[in-house]
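Here it is, the structure, as structure tokens.
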Amino acid sequence: MKLRSQAKDSFKANLNKFFHVNDAGLSEHAKLNLKRDFINADRTALLILVVYWLVLSTLGGGRHGYFLLGYVGGGLALVFGVLGYIFYRGTYINRILVGVTGCLVEVIYIQQELGTPTSHLVYFMSLGILLIYRDGFAAVSSLAMVMTHHLTATFCEAASIEIMGMPILAFNWGRWDAYVTHLYWAILMAVLLCFVTYSSMKEFLTNEGLLDGMEKVNKELEGLIGE
């Protein structure tokens, strides 16, 4: 029973290093540093989202003329990003929104390019940007949305579904075979990203623990000197 309880506590501790929800067990110094890092990452992600919107509104519609889609859709993603930063910056809720809005940008660009291979590169760039977080919420939410989009868009293509004369599709070089291949590489990159994210948080917590230990030792030495 004791071993089961220890294993459960160990699992929760490791899970909290990947999905950081609360600051339980952290020192005040560690809490402040982690909160500051999350807010700085949120700010960087918001600035990148602004750049994405500008690209979607201009270059994104250059080939097929879907400028309005980029302007409105990218603007909607930007609005979500701004609201998330205003109300939830530094929290796991905003990290989920960052993952979703980053993927939404890719969805719009793929549609503007009607599924060209190069349009999918935006997603891998967005996943790389998520390395600024020491948290898995952004990566997992982004991967979940891109899987959902590619599945539904491929289904729409197979069913010849169009919206306002625009075909809905994810790939222009195949259908389900392209979906499976693309999904394989997307999941592989997301797994690597999750590994780096977990390692980064683990290293941060280790360093903070060492700093706390050094601070306690210094206080004890100061007390001895004072005596």
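The values are calculated or read from the model by the stated rules, or taken from the named source; none is laboratory data. Everything numeric here is computed off the predicted structure, so don't read it as measured data. A quick note on method: Cβ atoms are made from the backbone with ideal geometry, for glycine too, and the neighbour counts reach across all protein chains shown. We work out accessible area using only protein heavy atoms, side chains counted, and drop any ligands, DNA or RNA first. Shrake-Rupley method; radii C 1.70, N 1.55, O 1.52, S 1.80 Å.
Quickly run through region 58-89 and pick out the residues that are open to solvent by 10 Å² or more (accessible area, probe 1.4 Å), closer than 26 Å to residue 131 by Cα and of a type outside the set (A, V, I, L, M).
73, 75, 80, 81, 85, 87, 88, 89
Checking residue 26 against (1) touching a Phe, Trp or Tyr at 6+ places or on another chain (Cβ under 7 Å); (2) more than 24 Å from residue 154 (Cα to Cα); (3) in a loop (DSSP other than H, G, I, E, B), which single condition isn't satisfied?
(1)
Now, a different point. Please specify each residue of region 165-182 satisfying the condition of being within 24 Å of residue 69 (Cβ to Cβ), in a helix (DSSP H, G or I) and at pLDDT 80 or above.
178, 179
Another question, if that's okay. Looking only at region 112-125, which residues are more than 21 Å from the chain's Cα centre (by Cα) and in a helix (DSSP H, G or I)?
The answer is 112, 117.
Does any residue of region 38-46 turn out to be surrounded by 14 or more Cβ atoms within 10 Å (Cβ to Cβ) and without any contact (Cβ under 8 Å) to a residue 24 or more places away in the chain?
Looking for residues that are surrounded by 14 or more Cβ atoms within 10 Å (Cβ to Cβ) and without any contact (Cβ under 8 Å) to a residue 24 or more places away in the chain, one finds none in region 38-46, hence no.
Going through region 105-163 one residue at a time, which ones are modelled with pLDDT of 85 or more, surrounded by fewer than 24 Cβ atoms within 10 Å (Cβ to Cβ) and hydroxyl-bearing (Ser, Thr, Tyr)?
116, 119, 141, 148, 152, 154, 160
Step by step: first the residues of region 30-43, then only those that are aliphatic (A, V, I, L, M) and under 17 Å from residue 209 (Cβ atoms), then the one that is modelled with the lowest pLDDT. Which residue is that?
30
Okay, next question. Kindly check whether there is at least one residue in region 12-29 that is out of contact with any helix residue (DSSP H, G or I) (no Cβ under 8 Å at 6 or more places or on another chain), under 28 Å from residue 197 (Cα atoms), open to solvent by 40 Å² or more (accessible area, probe 1.4 Å) and modelled with pLDDT of 80 or more.
yes
So, one more: Out of all the residues in region 95-105, is one or more of a type in the set (Lys, Arg) and part of a helix (DSSP H, G or I)?
yes
Restrict the check to region 84-103 and report whether at least one residue is out of contact with any helix residue (DSSP H, G or I) (no Cβ under 6 Å at 6 or more places or on another chain) and closer than 22 Å to residue 148 by Cβ.
Yes.
OK, next. In region 142-160, is there at least one residue being over 30 Å from residue 23 (Cβ atoms) and not in a helix (DSSP H, G or I)?
yes
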